[in-house]
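Working notes for the structure below.
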Amino acid sequence: MSNHCCPPPPPAADAAYRRVLMIALVLNAGMFLVEIVLGVAAGSSSLLADAVDFAGDASNFALSLGALALAPAWRPRVALLKGYSMGAFGLFVLGVTAWHALQRTVPQALTMGVVGFVALAVNVGVAVMLYRYRAGDADMRSLWLCTRNDAIGNVAVILAAAGVFGIGHGWPDWIVAAVMASLALSSSLSVVRHARHEILDAACESVSSPGARTAP
């Protein structure tokens, strides 16, 4: 069978994985506070979008830590919840972007660039820590995808800062926010599909196992 049908046993229970989740949780929560304050001060929709993204990731890492104490059958359900939350984040970012476009907000390019570089360093560090777990269960995959998308989004924020600085207009900021929303919606679909497959596989195994049959 393919790896999709029979994924390798997840190493989620080891102490190293728990430690990675704890570090990632602290870093993401800290960056949320930094970006929400500076995003408002700079008038940047992409920074605010990234701040909400960091908040979502911090919640995801907290949920994943809680999922380690649950039975394996519940872990894909946690991933399913996170997949839906990623989709909600994408829709929220689209709304924020539309509002800033209507207001024709011109963000502070320097603040965008500096915060973008700091956020990129944080996400790259977390991505490196999560790399070995990227092929695990749906919950691990959702964390990997979130962190990977965050790093891509940070690069885009830096490029948007350069664009705003060069032309003195806010449209590079709006475009980046829209791209970040698209990434969130795409990853949401991927995680939801993966989690549903795992839930269906677990249900099939439960039905087919001798202990699940009803006695006559």
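Here the spin labels are modelled as points 7 Å beyond Cα on the Cα-Cβ line, and at LEU65 and LEU33 they lie 1.5 nm apart.
On full extension, the segment bounded by VAL118 and TRP171 gains 16.8 nm, given 0.36 nm per residue less the C-alpha separation.
Among MET129, MET86, a tally of other beta-carbon atoms within 10 Å of each Cβ gives an order, fewest to most, of MET129, MET86. Counting beta carbons within 10 Å around each of SER64, SER85 and listing the fewest first gives the order SER85, SER64.
Extension gain for VAL26 to SER190 (0.36 nm times residue separation, less C-alpha to C-alpha distance): 56.5 nm. Residue-wise HN-Hα couplings along region 22-37, as the Karplus relation 6.51 cos²θ - 1.76 cosθ + 1.60 with θ = phi - 60° gives them from phi, are 5, 4, 4, 4, 5, 5, 5, 5, x, 5, 4, 4, 5, 6, 5, 6 Hz; Gly and Pro carry x. What's the local net charge at PHE89, with K and R +1, D and E -1, over the other residues with C-beta under 12 Å away? Within the 12 Å Cβ shell, the charges total -3. For LEU110 and ARG132, a Förster radius of 35 Å and the Cβ-Cβ distance give a FRET efficiency of 0.45, rounded to the nearest 0.05. Rounded to the nearest Hz, the phi-derived 3J(HN,Hα) couplings of region 89-106 under the Karplus curve 6.51 cos²θ - 1.76 cosθ + 1.60 (θ = phi - 60°) are 4, x, 5, 4, 5, 4, x, 4, 5, 4, 4, 5, 5, 5, 7, 6, 5, 10, where x marks glycine and proline.
Within region 153-182, what residues put their amide N at less than 19 Å from the label point 7 Å along the Cα-to-Cβ vector of LEU91? Output list for this probe position: 178-182.
Throughout, read-outs are computed from the coordinates displayed, never taken from laboratory work. Nothing here was measured: the structure is a model prediction, and the numbers come from that model. Reconstructed Cβ throughout: ideal geometry from the backbone, glycine too, with neighbour counts over all protein chains shown.
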